[in-house]
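One structure below.
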Amino acid sequence: MNTEVREKLRVALIMALSAGFMDGFTFFHYDGRFAGAQTGNVIQAGIALAQGKVNDFWNFAIPILFFIAGVMFKVFYSHFLIKRHKFDALYLLLVQLIGLTLFTLLYATLLRLPNSVFVGILSFFMAIQFDTFNRAHGMAYTSVFTTGNLKAFSVNLAQWILTKKEQNLHAVRVLGSIIPAFFVGAFLATLIGQWLGAWTLLGACLMYFIVFMIYRVEG
């Protein structure tokens, strides 16, 4: 499997779109919690604890713990796959695709969980994405939240204005494409979620399936 597939811009755009989609959905429907942007959860957990709202503290802390578990799972599973000379990104993508699809179907039909655990399970899958899809066209980017992308975009824009180097302009173009994808994802999830509820997450599953097909066709 060609490892360069994960660095294609179309893959980065879809993964950024899915991240905005997931965070937009959980923030709007689950009391301001984030599935991917854990900085927001950390800050709100601190505020809740300072106000003596212990239950609210755990509502934000639980997704953080699931995110940590997701990162650790990715490290262990990647180690297992690499030792067997298998391309880890494809298998990790399948964990996201199959896991999120099954979870969405169960939650939308039968399963009932506390909101913090629901968001936490989504955080687990987002952690896998964050630590797997992190390069586009040979340059680093973040596929789960976009503060780092905004910084890198701004730095490269300033450097291009000063030096007119093509590599800085290339970075501006790539990051300038990725950043709006988070916005579009959040917009779509909020809009669609008002009608479809938990079924909305099948939109993220569809995005993962498209990336999987890109791997199968172009890898």
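For this structure, a couple of remarks:
- Per residue, the chain exposes an accessible area of 50 Å² to a 1.4 Å probe, with every protein chain left in place.
- Environment charge of PHE60, counting only residues whose C-beta is closer than 15 Å and scoring Lys/Arg +1, Asp/Glu -1: -1
- Dipole magnitude (debye, nearest 20) for region 36-158, charges at Cβ of Lys, Arg, Asp, Glu: 240
- Of the listed residues HIS170, HIS85, HIS137, the order by accessible area with a 1.4 Å probe, largest first, is HIS85, HIS137, HIS170.
- D_trans [Stokes-Einstein, Kirkwood Rh over alpha-carbon pairs] for region 1-110, 4 °C, 1.567 mPa s, µm² s⁻¹: 81
- Set of region 109-126 residues, backbone N closer than 16 Å to the point 7 Å along the Cα-Cβ line of ILE98: 125
- Taking amide hydrogens as placed 1.01 Å from N in the peptide plane, the amide H of ARG135 sits under 5 Å from those of TYR141, each at least 5 positions away in sequence or on another chain.
- The chain - percent of accessible surface contributed by carbon and sulfur, probe 1.4 Å: 69
- Shape summary of the chain, radius of gyration then Dmax from alpha carbon positions: 17.8, 58 Å.
The values are calculated or read from the model by the stated rules, or taken from the named source; none is laboratory data. As the structure is a computational prediction, the values presented were derived from the model and not from experiment. Every residue, glycine as well, gets a Cβ built from its backbone with ideal geometry; the counts of neighbours run over all protein chains shown. Quick note on the areas: whole protein, heavy atoms, side chains included, nothing else; ligands and nucleic acids left out. Shrake-Rupley method; radii C 1.70, N 1.55, O 1.52, S 1.80 Å.
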